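See structure below.
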Amino acid sequence: MATREQEIAEIKKQLLKMREEILSRLQKARTEDRGGRDIGDEGDAAQDTISRETNIALENRDIETLREIDYALKKMEKGTYGICESCGDEIPIERLKVLPFARYCLECQEEFEKEQKRRGPESYEESLYQKEIGNFEDLFPEEED
Ligand SMILES: [Zn+2]
């Protein structure tokens, strides 16, 4: 049986791998954007807009995931990973394996979701992450030409 620490170390490995994949994908997307595209006929342009919007949506999702990863990694550094942010109890490792970004134990999560339903679908994410993580531009250090 692996200890909790070993399990968390394993999750960390996965997160780091995931982080690398996302970063290289994002960086690739940026490079392609910078390179520009040949301007084709109208049909191509329309198609291009659609695929660009899809790309942006995907990119946003990647950035969101990246935030989650960095947030979790930061907590691993501080030794607060896997501890419910609401009640301070340990989040069961089984839950963390399925949801490596989980910030709350199941009980608190359920409370939280109920609360959210009461308040409506307004985003709560920004306020939660932003003060912890800061600017994501930091992830892309100045490139040398
Ligand atoms: Zn809790």
Some residue of segment 99-110 being within 16 Å of the ligand (Cβ to nearest atom), closer than 19 Å to E21 by Cα and modelled with pLDDT under 95: yes
Pair list, Cβ under 7 Å, 6 or more apart: segment 48-59 residue without any contact (Cβ under 8 Å) to a residue 40 or more places away in the chain, other residue surrounded by 10 or more Cβ atoms within 10 Å (Cβ to Cβ): D48/R37; N55/A29; E59/L26; E59/A29
Subset of segment 75-96 (residues that are assigned to a helix (DSSP H, G or I) and either surrounded by 14 or more Cβ atoms within 10 Å (Cβ to Cβ) or within 11 Å of the ligand (Cβ to nearest atom) (or both)): K75, M76, I93, R95, L96
Pairs where the first residue, in segment 95-116, is of a type in the set (G, A, S) and the second is within 9 Å of the ligand (Cβ to nearest atom), C-beta under 7 Å, 6+ apart: A102/I91
Selection status of A72, under 19 Å from Q6 (Cα atoms), surrounded by 15 or more Cβ atoms within 10 Å (Cβ to Cβ) and within 16 Å of the ligand (Cβ to nearest atom): no
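The values are calculated or read from the model by the stated rules, or taken from the named source; none is laboratory data. Computed from a prediction, not measured in an experiment: that's the story for all the values here. Heads up, the Cβs are rebuilt from the backbone with ideal geometry, glycines too, and the neighbour counts pull from every protein chain shown.
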